[in-house]
Amino acid sequence: MKIYKTALGKILTTALFASLSLNVACAPVSKISASTTGNALTQAYVWYDGEREQKIWLNPQLVADFSLGAEKQNALQASNVAATPLQTKQSQPNMRLWKLGSVSASAASDAIQSLQSRQPAGKYSPVFHDGSGSAASMRALPGNIIVYLNPAWDATLVDAWVKKRKLEIVKKLDIGPNIYVIKTGPGLEALDTANTLYKSGEVNAAFPDWWQGVEAK
């Protein structure tokens, strides 16, 4: 049986990033490769699990819809008549996976752009897999990132950093010093913001508040 959760739920089991180094290795932008060879997933992106670079692969046939209400969900079918809801073993409140009719590499991006123009308040994300095949665990970007700041910073330094970066704190997590949920839009905005902050060297860790599909034990 599959169960689904966000990174914020998973993160409550660990506080290992508080002592991570501030030294940052050079890394490419989030999208690192693209290919059209064969039927496997071929467009890869990266994110940073602490200091570890993780690779994920885009599924061009799937879109994750985190919008509220049937009206916004129906907008996807209006923008892509071949889109069909993907049945999962466990229903998710305020979230639905859609399968697109096209398998082109730009299908998901085009669908999301159309959706955002029709429903600016909607929340839509590409769907990624942790491996290069569609059987690998899925993840998507509902919005927001989790940031580990220098644990020695006081409230004044935290506030100054937030203002400098023009960010907005959603809440502070009580799993260690100076760990915050930072507001971002859904989709690649969240991934790119997290990667940019991590590679800046100003934070100990920064990663999206992932929605994930994991296999129950």
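The values are calculated or read from the model by the stated rules, or taken from the named source; none is laboratory data. Worth saying up front: this structure is predicted, and the values here are computed from it rather than measured. Backbone-built Cβ (ideal geometry, glycine too); neighbour counts: all protein chains shown.
Just a few scattered comments:
- Pairs with Cβ under 6 Å, 6+ apart, first in the range 192-215 and on the phi < 0 side of the Ramachandran plot and buried (at least 19 other Cβ atoms within 10 Å of the Cβ), second in a helix (DSSP H, G or I) and modelled with pLDDT under 95: ASN204/PHE17; ALA205/PHE17; ASP209/ALA7; ASP209/LEU8; TRP210/ALA7
- Strands (runs of 3 or more DSSP E) completely within the range 112-179 that count 2 or more residues being of a type in the set (Phe, Trp, Tyr): 124-129
- Filtering the range 180-189 to residues that are in contact (Cβ under 8 Å) with a residue 60 or more places away in the chain and in a helix (DSSP H, G or I) leaves only LEU188.
- Restricting LEU157, LEU115 to those that are surrounded by fewer than 22 Cβ atoms within 10 Å (Cβ to Cβ), over 15 Å from the mean Cα position of the chain (by Cα) and more than 19 Å from ARG52 (Cα to Cα) reduces the list to LEU157.
- Qualifying residues in the range 84-101 (those that are at pLDDT 65 or above and in a loop (DSSP other than H, G, I, E, B)) - the one nearest to the chain's Cα centre (by Cα): MET95
- Top-ranked residue in the range 39-83 [being part of a loop (DSSP other than H, G, I, E, B) and of a type in the set (Val, Ile, Thr); ranked as modelled with the highest pLDDT]: THR42
- Taken over the range 190-217, the criterion of being in a loop (DSSP other than H, G, I, E, B) and in contact with a helix residue (DSSP H, G or I) (Cβ under 9 Å, 6 or more places away or on another chain) is satisfied by GLU202, VAL203, ASN204, ASP209, TRP210.
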